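Below is one structure, written out as structure tokens, with a few remarks after it.
Here, each number is a calculation from the coordinates, and none is a lab measurement. All values reported here derive from a predicted model rather than from experimental measurement. Note: ideal-geometry Cβ built from the backbone for every residue, glycine included; neighbour counts use all protein chains shown.
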Amino acid sequence: MKQKIFTLLSVFLVFLFFSLFYYYEFYLPQKNQRKIIELKKRLEEVQKDIERLKKFDEEKYAEKITNILSFENFISTTTDIQLEGVEIIPKGDRKLVINHAEGYEIEVPNDVILNQTWSTKNLHFDALDAIKTGMPPHYWTVIYIWVWDKERDKQMFDEYYNDLKDPNITKLVVNGQ
């Protein structure tokens, strides 16, 4: 009986020894290696962020934000405003407006100007006559192009146009949108 217990205890100790040996020699280094690889990846990401932040020009960013928020940059009383991503080409009594940022073009009369606009998603074309007669700016807009964003709620869009009773407002559907 003692010999069986001794044999079982010996087998158990040998098994325990090999288990500990395997754990410390194979499993633990692999686990640590994975952690080291993850930490190296994270370190690379942090270094990229540091490089990007070193290149960041606060003055240029502040100037860009100031231009975006500046009233003079998105309102005019005589000519089309300059909007990045939108090109305006005169064509006789009309002008071609190409919205490169949103991927469309439209012809408008010469007596309207791109105005009161700070985003390529929403273009306001104001009537020069309304501006010259001294009407408040919210009465200037005669053409308003609103690019629908698929992320917005389509039901809200349909309800908005269903509620409008003004026969002078037209909903244009371009490419199914």
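Per the listing 112, 108, the residue uniquely over 29 Å from the mean Cα position of the chain (by Cα) and among the aliphatic types (A, V, I, L, M) is 112. The residue list 54, 60, 132 contains one member that is more than 21 Å from the chain's Cα centre (by Cα) and surrounded by fewer than 10 Cβ atoms within 10 Å (Cβ to Cβ), which is 54. Scanning the stretch 101-122 for residues that are part of a strand (DSSP E or B), among the β-branched types (Val, Ile, Thr) and without any contact (Cβ under 8 Å) to a residue 40 or more places away in the chain gives 106, 108, 112, 113.
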